[in-house]
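K.L.:
Starting off with a structure, shown below.
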Amino acid sequence: MPTDDQLSIIIPSCNEQDNIQKTFQVIYKLLTQNKIPFEIIFVDDGSKDATYQRIQELSLHYRQVKGISFSRNFGKEAAIFAGLESACGSCCLIMDCDLQHPAEVIPDMYRLWKEGYEVVEGVKTSRGKENPVHTLCARGFYHIISSVTNIDMSRASDFKLLDRKAVDALLLMPERAPFFRALSSWVGFRTVSLPFEVQERTAGSSKWSVWSLTKYAIRNITSFSGAPMQLVSLLGWIMFLASVILGIQSLYRYFTGTALEGFTTVILLQLIIGSVLMISLGIIGHYISRIYDEIKARPRYIISKRCG
Ligand code: UDP
Ligand code: MG
């Protein structure tokens, strides 16, 4: 049962042994000073280091700390949903374990929730320090995802406070591969944005590689939109138009006796058509594999241990 006024803080953690203690201390001090009743749920997403031991140690000393440990790495979204499912608070806040989401903003988010806002979105004033290629790719991804979801995602983050109503709405969604950042806006409710400055990572390194970010982008675009499949039809129509024009020209040349041997043209056409067909099949195949994943209805995550 949700506890009145209690804030549940959900922290997905993957190989964050050096951050657990520090992050907890910062939050504990801040929320105790501000007299905000809270619990902290650390979700250990299949860490290979001592992350879970650190969580366990904290949970032995502080009744506010709960820990969940996955049987393997299931990804940040799964960790967020596991935390939401275990949360008892009337509102839930999601933040990173590396303090890149500044804890000082939490009392302001909580105050806005008390004023009646049901979703308090942390929006980035800047993207923090990262390499220019990463920034460029992120911009491209957010441009596409904003246009398919009709939600401005350019400065969106996972740093959000959600009222119990919004949490329950999210938990009702049976999707196997949820995109938390967009779904939490998609559910609606009375929303307000709160700008925050992305901080430097306190310890450890980011878990994202170019490959994992690319997979993340494709998965989230296709989980929100069928537009890439319409692209297949568009490609088909473009090819059809080109074939009509080329067909008329070829026939004209044939009947006027000026037809060239055209071997290069034939090879080029074969290659272009072949690639367009394969890309199209790939796009359709991707959606079929998504349907396949959903239909199997495997759990989003498997919990191996709990504490607190
Ligand atoms: N994280 C997770 N599972 C993963 C990858 C990351 O739970 O598979 C957590 C990580 O411990 C951190 C948060 O998600 O608390 C953000 O990860 P990271 O700092 O690596 O991402 P970035 O800040 O670079 O976007
Ligand atoms: Mg980080």
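K.L.:
Here are ALA87, ALA79: which of them is touching an Asp or Glu at 6+ places or on another chain (Cβ under 7 Å) and closer than 18 Å to LEU170 by Cα?
P.N.:
Checking each option against the conditions leaves just ALA79.
K.L.:
Here's a follow-up. Which pairs have Cβ atoms under 6 Å, sit 6 or more apart or on different chains, and link a residue in region 131-142 that is touching a residue at least 24 places away in the same chain (Cβ under 8 Å) to one that is surrounded by 13 or more Cβ atoms within 10 Å (Cβ to Cβ)?
P.N.:
The qualifying pairs are PHE141/ALA217.
K.L.:
Still on this model: Within region 22-47, restricting attention to residues that are of a type in the set (Lys, Arg) and within 22 Å of ASP4 (Cα to Cα), which residue is farthest from ligand 1 (Cβ to nearest atom)?
P.N.:
LYS35
K.L.:
Could you list all residues from region 164-207 that are part of a helix (DSSP H, G or I), among the β-branched types (Val, Ile, Thr) and open to solvent by 60 Å² or more (accessible area, probe 1.4 Å)?
P.N.:
Answer for region 164-207, where residues must be part of a helix (DSSP H, G or I), among the β-branched types (Val, Ile, Thr) and open to solvent by 60 Å² or more (accessible area, probe 1.4 Å): there is none.
K.L.:
Go through region 71-98 and count every residue that is more than 9 Å from ligand 1 (Cβ to nearest atom) and either of a type in the set (Val, Ile, Thr) or in contact with a helix residue (DSSP H, G or I) (Cβ under 8 Å, 6 or more places away or on another chain) (or both).
P.N.:
Counting residues in region 71-98 that are more than 9 Å from ligand 1 (Cβ to nearest atom) and either of a type in the set (Val, Ile, Thr) or in contact with a helix residue (DSSP H, G or I) (Cβ under 8 Å, 6 or more places away or on another chain) (or both) gives 10.
K.L.:
For the condition within 16 Å of ligand 2 (Cβ to nearest atom), out of contact with any His (no Cβ under 9 Å at 6 or more places or on another chain) and aromatic (Phe, Trp, Tyr), what is the one hit in TYR142, TYR216?
P.N.:
None of the other options fit; the residue is TYR216.
The values are calculated or read from the model by the stated rules, or taken from the named source; none is laboratory data. Since we're looking at a predicted model, the values are computed, not measured. Because the Cβ atoms are built from the backbone with ideal geometry, glycine has one as well, and the counts that use them run over all protein chains shown. Ligands, DNA and RNA are excluded from the accessible area calculation, which covers all protein heavy atoms including side chains. Shrake-Rupley method; radii C 1.70, N 1.55, O 1.52, S 1.80 Å.
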